[in-house]
1. Does region 33-175 come out rounded, prolate or oblate by the C-alpha gyration tensor, with a ≥ b ≥ c the root eigenvalues, rounded set by a/c under 1.5 and, if not, prolate when a/b is larger than b/c and oblate if not?
2. Using the alpha-carbon centroid of each, what span in Å lies between region 227-261 and region 452-478?
3. Give me the distance between the Cα centres of region 540-560 and region 83-134, rounded to whole Å.
4. By counting other Cβ atoms within 10 Å of each Cβ, how are 142, 43, 485 ranked from fewest to most?
5. What's the FRET efficiency of residue 267 with residue 204 using the Cβ-Cβ distance as r and R₀ = 22 Å, to the nearest 0.05?
6. Measuring from centroid to centroid over Cα atoms, what is the spacing of region 139-192 and region 411-448 in Å?
7. Under 17 Å from a label point 7 Å along Cα→Cβ of residue 412: give me every residue in region 609-633 with its amide N that close.
8. Within a 10 angstrom radius of the beta carbon, how do 392, 729, 32 rank from fewest other beta carbons to most?
Ligand code: PMP
């Protein structure tokens, strides 16, 4: 109950006069909470209570009459106790009165019975309460199903989930970028997955706001529902989604509470399976609606507690849903049906169709179905925290990137032989991240194609074929890039070094810095030198101070060009810098970009100087069918924009250093960790045995054990004993803590003290 502000006293006296003359009631009035309209509790000396509703939002006057008609239609029946508010007729038999308040506002006034009970929000959550809630909703639907009302049918409100996407332009009112991203993600899924189903489900009149402050309980039973201000025609599953949004918010076991509620509902009415399958996204959309409407109200200066009553709970539940595979929910909630096990069959077919040269992660392979930002969901309903996919730079299915691609695909997709805005816009945007001398760009479709082109550029520019390459380096799968990838040509099944390739030793730990002796390493002057800025396949190896600078100086001095491969490390991943080569203050002549550039869309590039680009103008055309197409350019632009808007480079710096500190602590506890390497969200954990030798067995066991805990990692390095950590850049500190917790638990179990 709220305090009565003095300015309300005059209004209360006016309302009391009306109550006296219209209803013959002598009563005291006290204000009650309300979203926009005014509600008063009316108490008679006899103990009887009513609710006086004073609607000042008259934007939909037809609706007020319609709502009143529905309440009147619901009245009566043969229930002992009323479960819906009843409208009290005036002495003249009418229900609704148009008035002008002392405040000058126009309003419509109605008197309703007061339902006793405890709000669901204040009740103790339990499976039986949820079960009863489900049954209650089903009975409510039985009562509403026969009511036809054209005004309600014509109603269009954002609180009707079918119209939730009307709120899309208001996502920008959410100030926190992580929350905005999550809401945008759920809206995208709602649009793609749920709306097409929702559109085809049968509709009926629904209450549409079974929230925790509208539902009344008594002794662990739902006993009533109030506030019929949001009635709409909608599929019943939509009502359930709304009820669940709140019931789940109040529970420590949200999926189970939902299961109970659905069970209760289905004891009375059955639900269509396809509705249950999208329920997860309907709940999420309802939570987004709450969150966005609150953010909009707050932006407009409305800070009242009523507006934000469910806000934190809504965000918590959205985050919980994000950590939960939607399939887990739909399997748990579905009518008994045995899910088909497709994985073994697909695995077998794959073996028949593809070469065994292709590998597959994990002893027990994963069959993925969906992914969401830093999570992946498999076909069994499990959710996985992705700690290794640096391609999904701004997050799996990031809504901004997906929508950029969808939109451009529908408008124009062509090639660089035409002029179009996206190409120049994106080139300018990308080049703004480089020093002025790196001012020419070529777009291609893979890191391999980019590295291949970089080699051609270097060779054309110098007229030489020889290349100096970094030991354990990897640059691609094409013939020319395999030749410069020591990791491949000198690795298992590799053809060995070609005579025109020379090797620079990779310092495997920070303590020993080999002397740079380019003249001794090469037999003939080289066209150039190629190296990753942190050697990924080599095991996340960062160069010791001065090492790369000295190689660059000596290679340039003998007339070669220096190529930085930023395919794994670029776009803010190292945290302190946008490009990892900036860690060393070197000046590459050519930079190779790939993986994260298109967030999974095949987009790669070579950036170089105008001199090197000019040397390539020999008369032979350079053309890539797909490189630089408008869809790719729009995707690339969206990725850069998300990195900026969401502060992802800074996130990589902060979360990365938090994670590195945690890993250093683990290194202090477990001698099997010999080194923590890397920068930002590009880290490596080297594992050794008691003799200090690479421990591939331990690394493999760790990766497989953490997969069972829902954490995805991989190994790399020449001895496959380095755990690679390079998650999508939306990885949070909380995600980092979870990873650390599971690493520690695994190591404690592996090395019992
Ligand atoms: N360079 C580096 C450093 C890479 O890690 C990779 C891919 N792992 C490539 C180049 C080749 O890129 P892609 O697989 O896109 O051809």
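Each reported figure results from applying straightforward, stated rules to the coordinates on display, with no laboratory input. Note that the structure is a prediction, hence the values are computed from the model and not measured. Because the Cβ atoms are built from the backbone with ideal geometry, glycine has one as well, and the counts that use them run over all protein chains shown.
1. Judged from the Cα gyration tensor, region 33-175 comes out rounded (a/c under 1.5).
2. 60 Å
3. Comparing the Cα centres of region 540-560 and region 83-134, I get a distance of 76 Å.
4. Fewest-to-most ranking of 142, 43, 485: 142, 43, 485.
5. Efficiency at R0 = 22 Å is approximately 0.75.
6. 39 Å
7. Counting only backbone N, you get 626-633.
8. Neighbour counts put them in this order, fewest first: 32, 392, 729.
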